[in-house]
Amino acid sequence: MGRLYRPVRRTAATPIYTIGAASRLTGIPIWTLRWIERHGLLRPSRTQGRQRLYTDGDMHRLREVRALMEQKVNLAGIRSVEDLDVTSRRVFV
């Protein structure tokens, strides 16, 4: 008998986008996505074969990072903005 595929319940935390798809959807080059990961701004999920998979939440963060990079904000500035964002979410939630 063949493999049985069970449908996966998709949420915002379900990793589904490969690095190529994330690049096309966000407009960020693949090498920049790797740079973002290397500098700890985002940690995408990995498959057993080490392929990066991005969630909808990751895609939202990538768009925010891209907007900051377009405004010429440096790495330290992006981290500061993210820290402020996380802190404000804790205060208001």
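The numbers here are math on the coordinates, done by the rules we state, and not lab data. All values derive from a computational prediction rather than experimental measurement. Note: ideal-geometry Cβ built from the backbone for every residue, glycine included; neighbour counts use all protein chains shown.
As a rough guide to protection, the peptides 31-37, 76-82 ranked by mean Cβ packing within 10 Å, highest first, stand as 31-37, 76-82. When you work out D = kT/(6 pi eta Rh) for the stretch 6-45 at 10 °C and 1.306 mPa s, using the Kirkwood radius from C-alpha pairs as Rh and the Stokes-Einstein form, the result is 141 µm²/s. Scoring 10-17, 44-51, 62-69 by mean Cβ neighbours within 10 Å over their residues and listing the highest first yields 62-69, 10-17, 44-51. Taking the empirical scaling 2.2 N^0.38 Å for compact globular proteins as reference, the chain has a Cα radius of gyration ratio of 1.26.
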